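The structure appears right after this line, and notes come after that.
The values are calculated or read from the model by the stated rules, or taken from the named source; none is laboratory data. Source: prediction; values computed, not measured. Cβ placement follows ideal geometry from the backbone for every residue including glycine, while neighbour counts extend to all protein chains displayed. For accessibility, only protein heavy atoms count, side chains too; no ligands or nucleic acids. Shrake-Rupley method; radii C 1.70, N 1.55, O 1.52, S 1.80 Å.
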Amino acid sequence: MNGNNNISSQRLAILGAGESGVGAAYLALKKGYDVFVSDFGPVADHYKKQLQSWNIRFEENGHTEEEILSAVEVVKSPGIPDRAPIVKSLLERNIPVISEIEFAGRYTNAKMICITGSNGKTTTASLTYHILKNGGLNVGLAGNIGKSFAYQVATENFDYYVLEISSFMLDNMYQFKADIAVLLNITPDHLDRYDYKLENYAASKFRISQNQTGEDYFIYCADDAETAKVLQGKQIAAQQLPFSIEKKITTGAYLEQDNIVINIHQQHFQMSINELALQGKHNIYNSMASGIVAKVLELRSDSMRESMGNFSNIEHRLESVGKISGISFINDSKATNVNSTWYALESMTTDVVLILGGVDKGNDYSMLRELVKQKVKAIVCLGKDNKRIHDAFEDDVEVIVNTSSAQEAAQVAYHLATKGDTVLLSPACASFDLFKNYEDRGRQFKEAVKEL
C-alpha cells in the first residue's frame, strides 16, 4: 500500500503536536511530503525537540491559516473537534481532514487488530498485545497507547498491530480497514461531541467495521444492549464472532460454569475465570475478546492460558499502589466517566473509601447509587466544584468530604478508612480542573500514598 513517490512538493499539514501529530509528521517527512505542524496551544518540550531535530517546521499557540489551507491533505489530532474554526475552514474548501491512523495505514501491509468501545479498550488492547507477543507474533501496540502508530510504521517492521481506537479517531478514518475489529461496548460518553445523541456516538463506534470484507472478523459483546440495537439495522460484511456471559454462543465465546469457552471453526479454548490475571465481571468480557483474537490467529491454547494468567494491568487502571496499616490503595485515575467507575466498584470485594470528582461532563451518577450503597463507606471529593457529587450521594453515604489536592485526598481517605478497607481513586470525571491530565492525577495520588 505504499503511496506514490512523486509527492515531494505536496504540503501535508498536521493539526496538533502531541504523540499522534509528531509521529505523523515524521512518517510524512520520510515519505517526501513538505510537512507543516500547527498547534493551537503550546507544544510540549520533548515534542519540540523531536520536530527540531528532524527539521520539521511547526508553530504553537495559534494557526497560520494560509499555511494550513495550502495543504493537499490535513492530519488532525483526535482531540480537536470538527467544530474548531480551522477544521471548518478546511472542510469548506474540500481539503481532506484525516486521522493519523488513516494516514499511517497507507504505508504498512501489517494485519490490523482494532479495538474500540466506551470502556475496557486500553486493558483489552494491552492484554491482546501481551498474548500475541508471547505467542511469538511480530506485533506492535499503538493507537491511544504508547508510541504513535505513524511513528512505528516509519521506524519498525511489524506483521501485526494491535490498535486501541477511540470514536474520535474513527470519525476521521475512511479507507482504513481492520482485519480483526473488536467492539467491546457502547455506553454514553463524550456525547458533547455527538450532538448529545447516543445513536450518533454508536454510529461512530460502528465505523470500526467499515470496509471489512468476508475475509475479516467482527468481534462484539452480545450482551451489550446498544450494540445489539445497532446490529439489527446493519449489514456487517465480516465474519461475526460474538462473546457473552449470559448465553451459550455457537461460534464465539461464552461462559460455562466459571470457564471461558471459545469455539471458532476448528479452534477450541477453555480456561477457568479464577485463573485469569484480570478479575471482575467486566474483565471476563475483556479476556474473552482478547482470547477470540488469539484463536482467530490460531495461537496455541497453552501459550494463551499462560499469558491470560500472568498479565499485569496498565498504569492508572485499577493499579494497586500498595498497603498501609492493612488499607489497600488503588489508582484508577483513568476512570474519566461514570461507567468506568461503575466497573471499578463492581470489582471491589471490601468496603471502599471512594475518591471522586473533577471536571464533570454532565455525569449521571444514578447508575452508581446501588454499588455505592453496598460498598462505599465514605466519599472524598477531589475537584473544584463538588456540588453534583454531594447532591447525588448525600442520602447514600454518611461522610462526603471536599479536598483540593491529591495529597489532601489521600490523607483524608486514609483517615476515613480502617484495616481491611480499600481506598479507591476512581474519579468518574476529567482531571483538567486540578491536574494536567489523568496520568498526572494518578501519579500525584501515588506520590501522596508513598508519603503517608
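What are the residues in segment 372-388 that are open to solvent by 60 Å² or more (accessible area, probe 1.4 Å), among the basic types (Lys, Arg) and within 27 Å of the chain's Cα centre (by Cα), if any?
The first filter runs over segment 372-388 and keeps only residues open to solvent by 60 Å² or more (accessible area, probe 1.4 Å), leaving 373-374, 377, 384-385, 387-388.
Narrowing further to those that are among the basic types (Lys, Arg): 373, 377, 384, 387-388.
Passing the criteria: 384, 388.
With respect to (1) outside any helix (DSSP H, G or I); (2) open to solvent by less than 60 Å² (accessible area, probe 1.4 Å); (3) more than 21 Å from residue 440 (Cα to Cα); (4) touching a strand residue (DSSP E or B) at 6+ places or on another chain (Cβ under 7 Å), the lone exception for residue 313 is condition (3).
Of all residues in segment 335-358, those satisfying the criterion of being surrounded by fewer than 17 Cβ atoms within 10 Å (Cβ to Cβ) and out of contact with any His (no Cβ under 8 Å at 6 or more places or on another chain) are 349, 350, 351. Screening segment 167-183 for residues that are over 14 Å from the mean Cα position of the chain (by Cα) and closer than 21 Å to residue 286 by Cα and picking the one that is most open to solvent (accessible area, probe 1.4 Å) gives 179. Restricted to helices (runs of 4 or more DSSP H) entirely inside segment 49-124, those with at least 1 residues that are open to solvent by less than 40 Å² (accessible area, probe 1.4 Å) and without any contact (Cβ under 8 Å) to a residue 60 or more places away in the chain are 65-69, 85-92. Hey, among the residues in segment 316-332 that are part of a loop (DSSP other than H, G, I, E, B) and over 16 Å from residue 284 (Cα atoms), which one's most open to solvent (accessible area, probe 1.4 Å)? Looking at the filtered set, the residue picked out is 325. What about residue 246, is it closer than 19 Å to residue 184 by Cβ, open to solvent by 70 Å² or more (accessible area, probe 1.4 Å) and modelled with pLDDT of 90 or more? Yes, satisfied. A count restricted to segment 389-448 and to residues that are touching a residue at least 60 places away in the same chain (Cβ under 8 Å), open to solvent by 60 Å² or more (accessible area, probe 1.4 Å) and among the polar types (S, T, N, Q) stands at 1. Screening segment 125-143 for residues that are surrounded by fewer than 20 Cβ atoms within 10 Å (Cβ to Cβ) and in contact (Cβ under 8 Å) with a residue 60 or more places away in the chain and picking the one that is farthest from residue 227 (Cα to Cα) gives 136.
Here residue 299 passes the criteria (1) within 23 Å of the chain's Cα centre (by Cα); (2) modelled with pLDDT of 90 or more; (3) not β-branched (Val, Ile, Thr) except the one numbered (1).
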